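One structure below.
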Amino acid sequence: MSFGELLWYTIVIFFFVSFLMVLFYIFADLFRDQDLGGWAKAVWILALIFFTWIAALAYLIARGKGMAERNVKAAQEMQEAQNTYIRDVAGTTPADQIHKAKELLDSGAISQAEFDGIKAKALA
């Protein structure tokens with residue numbers, strides 16, 4: 001096998017794996033989308049099976065913006081769930097954090113700037 005053939009196989013494998021990733025991403029988006037009905041999902045799946053390249057491009061063009069919006073929404077929900085979990089496990093509320101910081105400020109352990117930073121962080 002020559003270097004040119006090895007390079008060509010590497011490029012082909014790269015694009016094949018990339019295409020598979022796009023297909024899996026499209027299938028995941030189809031099942032995640034709650035606005036699309038069952039029949040429409042079935043039509044998209046059949047189109048992706050029988051007319052793979054054309055259907056994948058059509059899906060990305062027609063529903064690409066919605067895919068991005070659903071990903072942003074899912075990421076925000078995941079972040080909110082993680083923040084809620086951390087607050088529950090830590091056992092402190094933002095009011096508790098501000099109260100503790102105020103006590104430290106009154107005792108002189110922290111400065112007003114540090115208190116303001118802690119307060120802003122607790123309220124975020």
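The values are calculated or read from the model by the stated rules, or taken from the named source; none is laboratory data. Just so you know, these numbers come straight off a predicted model, no measurement behind them. Cβ atoms come from the backbone with ideal geometry, glycine included; neighbour counts cover every protein chain shown. These area figures cover heavy atoms from the full protein model, side chains too; ligands, DNA and RNA do not enter into them. Shrake-Rupley method; radii C 1.70, N 1.55, O 1.52, S 1.80 Å.
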| remark: Sole miss for ILE49 among (1) modelled with pLDDT of 90 or more; (2) of a type outside the set (Phe, Trp, Tyr); (3) over 26 Å from the mean Cα position of the chain (by Cα); (4) surrounded by 13 or more Cβ atoms within 10 Å (Cβ to Cβ) is condition (4)
| For the stretch 51-93, which residues satisfy the criterion of being touching a helix residue (DSSP H, G or I) at 6+ places or on another chain (Cβ under 6 Å) and of a type in the set (Ser, Thr, Tyr)? | TYR59
| request: May I ask you to list the residues in the stretch 85-98 that are within 17 Å of ILE118 (Cβ to Cβ) and in a helix (DSSP H, G or I)? | output: ILE86, ARG87, ALA90, PRO94, ALA95, ASP96, GLN97, ILE98
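Any residue that is out of contact with any Lys or Arg (no Cβ under 7 Å at 6 or more places or on another chain) and not in a helix (DSSP H, G or I) - is there at least one of those in the stretch 68-84? Spell out how you get there, then give the answer.
Taking the stretch 68-84 first, the residues out of contact with any Lys or Arg (no Cβ under 7 Å at 6 or more places or on another chain) are 68-69, 71-84.
Retained after the next criterion (residues that are not in a helix (DSSP H, G or I)): none.
Checked the stretch 68-84: no residue is out of contact with any Lys or Arg (no Cβ under 7 Å at 6 or more places or on another chain) and not in a helix (DSSP H, G or I).
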| task | Taking the residues in the stretch 15-56 that are aliphatic (A, V, I, L, M) and in contact with a Phe, Trp or Tyr (Cβ under 9 Å, 6 or more places away or on another chain) as candidates, determine which candidate is farthest from ALA68 (Cα to Cα). | result | ALA47
| Does LEU60 count as open to solvent by 90 Å² or more (accessible area, probe 1.4 Å), hydrophobic (A, V, I, L, M, F, W, C), closer than 30 Å to PHE31 by Cβ and assigned to a helix (DSSP H, G or I)? | no
| task | Hey, can you tell me all the residues within the stretch 87-119 that are surrounded by fewer than 10 Cβ atoms within 10 Å (Cβ to Cβ) and aliphatic (A, V, I, L, M)? | result | VAL89, ALA113
| remark: How many residues of the stretch 7-37 are open to solvent by less than 60 Å² (accessible area, probe 1.4 Å), without any contact (Cβ under 8 Å) to a residue 12 or more places away in the chain and more than 15 Å from LEU57 (Cα to Cα)? The answer is 3
| said: For the stretch 63-86, give me each residue that is surrounded by 13 or more Cβ atoms within 10 Å (Cβ to Cβ) and of a type in the set (Lys, Arg). | reply: ARG63, ARG70
